[in-house]
Amino acid sequence: MTRIIKLRGKIIEFKKMGDFIMFTNVEKGNQGLCKYCGKKLAPKEMLAHLVKCEKRDEKIYAAKKEMEGFFDILITSKEMEDYWMIIEVNEKTMLKEIDTFLREIWLGNEQCLSIFKIKNLKYKYISGGNLLYVEPEQSMYHTLKNILSVGETFDYTYGENKITEIKLMVFSHRIGRRHEEEDIVLLSRNIPPERICYKCKKNNASWVDTIIYSFDDDAFLCDECKEKVESNKLFIQMEYTENMLPIYNSPRMGIGDYEGSDFYTDEFKPDFENKERQKNKPKKVEKKTLKKFKNNQYDVYPIMKEWESEYTVSEKVESKRELPTKEAWMELYEVAERIKKFKAWEYVYEFQIISLKVKGEETIFYSILGEDEKEYGVDVYEGYDDFKTFIVNDYSEALDLPKGYVKSLKSNLACRWGNVEDLSKDQRDTIKELGFKYKGKGKWLYFTSFEKGYSPYSLDRDEVAHMTKHLKNLEIILEKFEDNIRESINMDFDELMCVEYIKDNNEWKFYIEKIPLEEYSLSNEKIKDKNKLNRLKEAPKVESVLDVDIIPLKRTINDEKYIKPITPFIYGIVDAKSGDLISSKIAEPGADVGDLLVEEIERFIDEVGRPRIIRTANELINSKLSLICENLDINLSLKKSSRVGKKFGEYMVYKKEIGNTPLN
């Protein structure tokens with residue numbers, strides 16, 4: 001039965017809970033507190049209470065804002081009824097904002113697919129920031145007032161392998177004012193369920209054993225018992241302790257991708273208890289301030305759209321390059337074939353580096369590939385900056401860096417013996433012009449240039465000259481020091497084989513030395529501009545939590561502005577609470593995109609304030625930001641996943657399907 005009543009100046013439309021048989025189980029749910037008066041009630045009673053809460057009315061009457069429409073929505077976990085919350089949502093809010101809210105408070109920020117199902121229609125986006133587009137009638141860019149009505153129940157599913165299912169019910173709708181500025185306001189939330197340690201049977205638990213929890217609820221440990229478990233050598237050998245995760249007030253508790261919320265505490269407190277906390281709390285950021293920051297930059301969408309719809313022919317790009325002569329190519333191919341005869345990959349691993357030092361010149365680093373019999377070749381790194389990309393690649397798995405990101409950072413010249421399908425048309429044409437006739441797998445010799453921000457490409461004139469010189473020097477090294485190299489195969493992982501050429505007396509030396517890891521350390525970046533640092537310290541502290549990331553675009557782009565095809569980096573910032581992509585920019589090829597991201601964060605601090613938390617899932621970004629965050633009293637958090645790629649994908653969907661069309 002639906003009733004419309006006028007209560008204390010509010011127009012209220014609601015349906016009695018008894019009309020919803022499928023929701024009778026909410027009576028069994030854990031109790032929660034009212035945001036306004038602190039009353040403790042089960043979810044069913046809380047819904048009815050919120051309609052007539054006098055403290056809530058006082059806040060509404062005190063509000064100076066315009067009249068708008070708001071929905072009260074009950075959210076419950078399908079499988080774990082102890083978890084529930086009630087939110088008030090502006091009717092102009094889009095579904096994607098509820099998706100952002102649920103991810104932040106309950107689910108985590110894995111780049112997983114999430115789906116709303118309303119009246120048998122699915123509303124979704126494509127995960128992972130992929131530039132794939134869904135049909136507009138199935139996107140999350142729909143305002144609630146166009147798709148929801150009082151009494152509506154609908155489903156939400158999050159995850160792919162480990163799925164969490166949630167049910168939402170629209171309990172009431174009101175026309176009125178609201179004190180809070182946010183589109184989504186948390187009105188009540190379940191009190192965290194009490195968990196008792198299964199070992200000592202007396203202490204409150206703080207940890208969950210994820211293995212046991214997957215099949216048994218009796219899986220919780222207190223801090224004291226967890227320490228005992230962690231000191232057990234057998235458990236350590238079995239990596240048992242890695243199964244321990246903190247307990248959170250979330251149906252996603254015990255699943256590795258959920259790390260708690262940086263905005264919503266597990267224990268929900270009413271407003272009057274939060275007043276003391278508010279005194280020293282960073283100030284809120286108004287929507288108009290974030291909007292101004294967002295608008296103070298160029299829009300990347302027109303550039304992306306142009307790249308998507310218009311392809312510059314490769315010939316225009318190629319015409320800007322200085323190409324090698326046939327004679328230069330022939331000289332390079334001949335020295336490479338001589339290198340092949342040494343079969344150095346039979347006794348050198350690719351991580352056992354040979355360096356060449358010549359006074360007054362950049363140090364050259366050689367990595368010889370082929371010990372796994374999958375790919376034969378030589379990678380040449382010109383200088384310490386290029387070699388740093390080798391170090392990053394070598395440690396990428398330990399640092400849990402995305403493969404696409406690491407590959408896009410690569411900077412070196414490469415010589416390969418591969419298969420014909422590995423070669424580009426240009427590389428095949430070069431072989432044909434030189435008159436070589438390769439047959440069989442692993443026999444086709446070709447060369448590739450890797451440069452940050454550019455797609456792998458064939459060598460230009462200068463690169464051919466450099467590679468010829470480097471391979472000739474490698475030939476000398478292998479001739480003179482093959483025995484030394486063979487004897488050095490057991491050197492430590494942090495050592496390299498150093499060859500030094502002394503021009504004055506034409507002398508060659510071979511010795512082992514430590515890799516100067518300080519050159520490649522992931523430790524703090526030095527702060528060079530003290531005046532800038534002092535200025536940033538004066539910025540006000542704000543409650544913002546920022547997600548930051550660098551994303552390589554997963555495509556090759558022929559743009560006639562550049563001398564060869566590019567694979568650009570996107571760097572961006574997401575306001576974690578609203579889920580808005582407030583900054584997204586394209587880095588020029590060759591630029592230090594990490595430095596560009598730091599500059600954009602500094603712009604945020606100048607224009608908005610010092611954020612409370614900066615989150616990233618990239619260890620290299622975390623390292624680059626660590627010192628500046630320490631100096632500016634910003635909490636830097638390394639997460640398991642980033643939302644920037646997903647939000648950039650959402651942004652592209654929005655601009656493509658909706659653009660500047662007003663949402664009703």
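The values are calculated or read from the model by the stated rules, or taken from the named source; none is laboratory data. Keep in mind the model is a prediction, meaning the values are calculated, not measured. Quick reminder, even Gly has a Cβ in these numbers, built from the backbone with ideal geometry, and neighbours come from all protein chains shown.
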So Gly383 passes all but one of these: (1) exposed (fewer than 14 other Cβ atoms within 10 Å of the Cβ); (2) in contact (Cβ under 8 Å) with a residue 40 or more places away in the chain. Which condition number does it fail? (2)
Just one of (1) part of a loop (DSSP other than H, G, I, E, B); (2) modelled with pLDDT under 90 trips up Val150, so point out which. (2)
When the residues of region 283-304 are narrowed to those that are charged (D, E, K, R) and not in a loop (DSSP other than H, G, I, E, B), which ends up nearest to Ile570 (Cα to Cα)? Lys294
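Quick check: is even one residue across region 154-162 free of Cβ contacts under 8 Å to residues at least 12 places away in the same chain, in the same structural domain as Lys122 (by TED's automatic domain parsing) and exposed (fewer than 13 other Cβ atoms within 10 Å of the Cβ)? Full working, then the answer.
At the first step, the residues of region 154-162 found to be free of Cβ contacts under 8 Å to residues at least 12 places away in the same chain are 161.
Right, trim to in the same structural domain as Lys122 (by TED's automatic domain parsing) and you get 161.
Now restrict to residues that are exposed (fewer than 13 other Cβ atoms within 10 Å of the Cβ): 161.
There is at least one residue in region 154-162 that is free of Cβ contacts under 8 Å to residues at least 12 places away in the same chain, in the same structural domain as Lys122 (by TED's automatic domain parsing) and exposed (fewer than 13 other Cβ atoms within 10 Å of the Cβ).
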Identity of the residue in region 563-600, within 30 Å of Val89 (Cα to Cα) and either assigned by TED's automatic domain parsing to the domain that holds Asp262 or among the hydrophobic types (A, V, I, L, M, F, W, C) (or both), that ends up modelled with the lowest pLDDT: Ala576
In region 57-73, is there at least one residue being β-branched (Val, Ile, Thr) and at pLDDT 95 or above? yes
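For region 563-584, which positions are part of a strand (DSSP E or B) and farther than 24 Å from Thr100 by Cα?
Residues of region 563-584 part of a strand (DSSP E or B): 566, 569-575, 580-584.
Correct list: Ile566, Phe569.
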Here is a check on your reading of the model: is Ile476 modelled with pLDDT of 95 or more, outside any loop (DSSP other than H, G, I, E, B) and more than 30 Å from Glu630 (Cα to Cα)? yes
Condition (residue is at pLDDT below 95 and surrounded by 19 or more Cβ atoms within 10 Å (Cβ to Cβ)) applied to region 487-497: is it met by at least one residue? yes
Spot the failing condition for Ser449; the list is (1) more than 24 Å from Gln352 (Cα to Cα); (2) in contact with a Lys or Arg (Cβ under 9 Å, 6 or more places away or on another chain), and only one is missed. (1)
Out of all the residues in region 617-639, is one or more hydroxyl-bearing (Ser, Thr, Tyr) and surrounded by 21 or more Cβ atoms within 10 Å (Cβ to Cβ)? no
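Looking at region 198-257, what helices (runs of 4 or more DSSP H) fall wholly within it and have at least 2 residues that are at pLDDT below 85, under 31 Å from the mean Cα position of the chain (by Cα) and not acidic (Asp, Glu)?
Details: elements: 210-213, 223-230, 233-237.
Result: 210-213.
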Lys40 being of a type outside the set (A, V, I, L, M, F, W, C), surrounded by fewer than 21 Cβ atoms within 10 Å (Cβ to Cβ) and modelled with pLDDT of 95 or more: yes
Per the list (1) under 30 Å from Thr448 (Cβ atoms); (2) part of a helix (DSSP H, G or I); (3) modelled with pLDDT of 95 or more, residue check on Asp606 breaks on (1)
Residues being without any contact (Cβ under 8 Å) to a residue 24 or more places away in the chain, more than 20 Å from Ser641 (Cβ to Cβ) and loosely packed, with under 15 Cβ neighbours inside 10 Å: count how many of those fall in region 396-427. 2
Sort out which residues of region 415-464 are more than 17 Å from Thr556 (Cβ to Cβ) and in a strand (DSSP E or B), and write them in order of number. Cys415, Arg416, Trp417, Gly418, Trp444, Leu445, Tyr446, Phe447
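To keep it simple, each residue is scored yes or no on (1) in contact (Cβ under 8 Å) with a residue 12 or more places away in the chain; (2) in a loop (DSSP other than H, G, I, E, B); (3) touching a Cys at 6+ places or on another chain (Cβ under 8 Å); (4) closer than 19 Å to Asp155 by Cα.
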position: Met46; (1), (2), (3), (4): yes, no, yes, no
position: His49; (1), (2), (3), (4): yes, no, yes, no
position: Arg56; (1), (2), (3), (4): yes, no, yes, no
position: Lys59; (1), (2), (3), (4): yes, no, no, no
position: Lys65; (1), (2), (3), (4): yes, yes, no, no
position: Glu79; (1), (2), (3), (4): yes, yes, no, yes
position: Met85; (1), (2), (3), (4): yes, no, no, yes
position: Glu88; (1), (2), (3), (4): yes, no, no, yes
position: Glu97; (1), (2), (3), (4): yes, no, no, yes
How about region 479-510: which of its residues are in contact (Cβ under 8 Å) with a residue 40 or more places away in the chain and outside any helix (DSSP H, G or I)? Ser488, Ile489, Met491, Phe493, Leu496, Met497, Cys498, Val499, Glu500, Tyr501, Ile502
Residue satisfying all of: in region 356-391; in a loop (DSSP other than H, G, I, E, B) and among the small types (Gly, Ala, Ser); modelled with the lowest pLDDT among these: Gly370
I'd like the full set of residues that are buried (at least 19 other Cβ atoms within 10 Å of the Cβ) and out of contact with any strand residue (DSSP E or B) (no Cβ under 9 Å at 6 or more places or on another chain), limited to region 428-468. Thr468
All but one of (1) within 15 Å of the chain's Cα centre (by Cα); (2) charged (D, E, K, R); (3) at pLDDT 90 or above hold for Lys554, so report the exception by its number. (3)
Which residues, counting only those in region 441-467, are at positive phi and either of a type in the set (Val, Ile, Thr) or in contact with a Gly (Cβ under 6 Å, 6 or more places away or on another chain) (or both)? Gly453
On the basis of being of a type in the set (Lys, Arg), closer than 20 Å to Asn473 by Cβ and either modelled with pLDDT of 85 or more or surrounded by 10 or more Cβ atoms within 10 Å (Cβ to Cβ) (or both), does Lys530 make the cut? no
Counting only residues that are in a loop (DSSP other than H, G, I, E, B) and surrounded by 13 or more Cβ atoms within 10 Å (Cβ to Cβ), which one in region 305-330 is modelled with the lowest pLDDT? Thr312
